[in-house]
1. Among the residues of the range 180-189, which ones are over 18 Å from Ser247 (Cα atoms) and touching a residue at least 24 places away in the same chain (Cβ under 8 Å)?
2. What strands (runs of 3 or more DSSP E), lying completely within the range 77-155, carry at least 2 residues that are of a type in the set (Val, Ile, Thr)?
3. Out of contact with any Asp or Glu (no Cβ under 7 Å at 6 or more places or on another chain), of a type in the set (D, E, K, R) and surrounded by 22 or more Cβ atoms within 10 Å (Cβ to Cβ): which single residue out of Asp142, Asp206, Asp217 fits that description?
4. Run down Tyr111, Tyr122, Tyr63 and say which single residue is within 18 Å of Glu202 (Cα to Cα) and not assigned by TED's automatic domain parsing to the domain that holds Glu227.
5. Is it the case that some residue within the range 48-66 is in a strand (DSSP E or B), in contact (Cβ under 8 Å) with a residue 24 or more places away in the chain, in contact with an Asp or Glu (Cβ under 9 Å, 6 or more places away or on another chain) and not basic (Lys, Arg)?
6. Just to verify a result, which residue in the range 235-268, among those that are within 24 Å of Glu71 (Cβ to Cβ) and among the charged types (D, E, K, R), is surrounded by the fewest Cβ atoms within 10 Å (Cβ to Cβ)?
7. Among the residues of the range 162-184, is any part of a strand (DSSP E or B) and either small (Gly, Ala, Ser) or within 30 Å of Glu82 (Cβ to Cβ) (or both)?
8. For Leu200, state whether it is surrounded by 20 or more Cβ atoms within 10 Å (Cβ to Cβ), in contact with a helix residue (DSSP H, G or I) (Cβ under 8 Å, 6 or more places away or on another chain), hydrophobic (A, V, I, L, M, F, W, C) and more than 25 Å from Ser67 (Cα to Cα).
Amino acid sequence: MNAEMLKEIYTKARQWVEEAGHYIRTNIDNPLTVDTKSNPNDLVTTMDQDTESFFVSKIKETYPDHSIIGEEGYGDKLTTLEGTVWIIDPIDGTMNFVHQKRNFAISVGVYHNGIGVIGLIYDVMADVLYHAKRNEGAYKNDKKLNPLNKEVVLEEAIVGMNHFWLCPNRLVEEETMQQFVRKVRGTRTYGSAALEFAFLSEGIIDGYLTMSLSPWDIAAGVVIAGEVGGTATNIDGQPLNMLEKNSVLVCNSNLQKDIIKFIKKGRK
């Protein structure tokens, strides 16, 4: 993908993200239909569905040769990331959206032949956009984010986490994760993977660790974090697969080996 096309797609993507965010803010207090998907805590609303439908219609109309992976199923069924693929989460943090009316984000990642080239994470209610184009740095609104190059040890690290490692099919023993929580300086749970990636990229947390995320949860964040020197892998240090669920570790690069070494003690 040449620089001119990258700029064009980025401009369109940013325009659509901001348009969708404005619509959500304007209608945040309107009545919602809330349903569940895989379990009672896996929520979906008419706003999720309408927002994804909006993106799909815009993309297909403007770039009919592009493919789409979307959380709510309005995209394509893909077995490869060849060509240009948009990976979309219309509302990341739906539970926050329903219960708090804040702390959720629109997440849009654009990949070309398997490589992330554009990432946008829009904190809708705060009107804050984290965004990046490949090899051009990452930004919070108009402010360029600093590289994540400070030396951090586990004992001084703030790590974003959720509690899915407590589930029956957990990948890591509970005792090890409890030890990990005690080892680091502190943990945070924000309820939106996209925002966790954004906060990591901004440098206000030092890592984010979770046991199961879908591509739309992480696609934009991987691009943004990569532009500031963050490292995103699974919990074994292996590359992420944008066509399936992954365990995820994204962090300040100098922390990666220490975190992987620590949690490997509790791998089943």
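The values are calculated or read from the model by the stated rules, or taken from the named source; none is laboratory data. What you see is a predicted model, and the numbers here were worked out from it, not measured in a lab. Methodologically, a virtual Cβ is constructed for each residue, glycine included, from the backbone with ideal geometry; neighbour enumeration extends over all protein chains shown.
1. Lys183, Val184, Arg185, Gly186
2. The qualifying strands (runs of 3 or more DSSP E) are 84-92, 105-112, 115-123.
3. Asp206 is the lone residue from the list that is out of contact with any Asp or Glu (no Cβ under 7 Å at 6 or more places or on another chain), of a type in the set (D, E, K, R) and surrounded by 22 or more Cβ atoms within 10 Å (Cβ to Cβ).
4. Result of the check over Tyr111, Tyr122, Tyr63: Tyr122.
5. No, the range 48-66 contains no residue that is in a strand (DSSP E or B), in contact (Cβ under 8 Å) with a residue 24 or more places away in the chain, in contact with an Asp or Glu (Cβ under 9 Å, 6 or more places away or on another chain) and not basic (Lys, Arg).
6. Among them, the one singled out is Glu244.
7. Taking every residue of the range 162-184 in turn, none turns out to be part of a strand (DSSP E or B) and either small (Gly, Ala, Ser) or within 30 Å of Glu82 (Cβ to Cβ) (or both).
8. Spelling it out, Leu200 is indeed surrounded by 20 or more Cβ atoms within 10 Å (Cβ to Cβ), in contact with a helix residue (DSSP H, G or I) (Cβ under 8 Å, 6 or more places away or on another chain), hydrophobic (A, V, I, L, M, F, W, C) and more than 25 Å from Ser67 (Cα to Cα).
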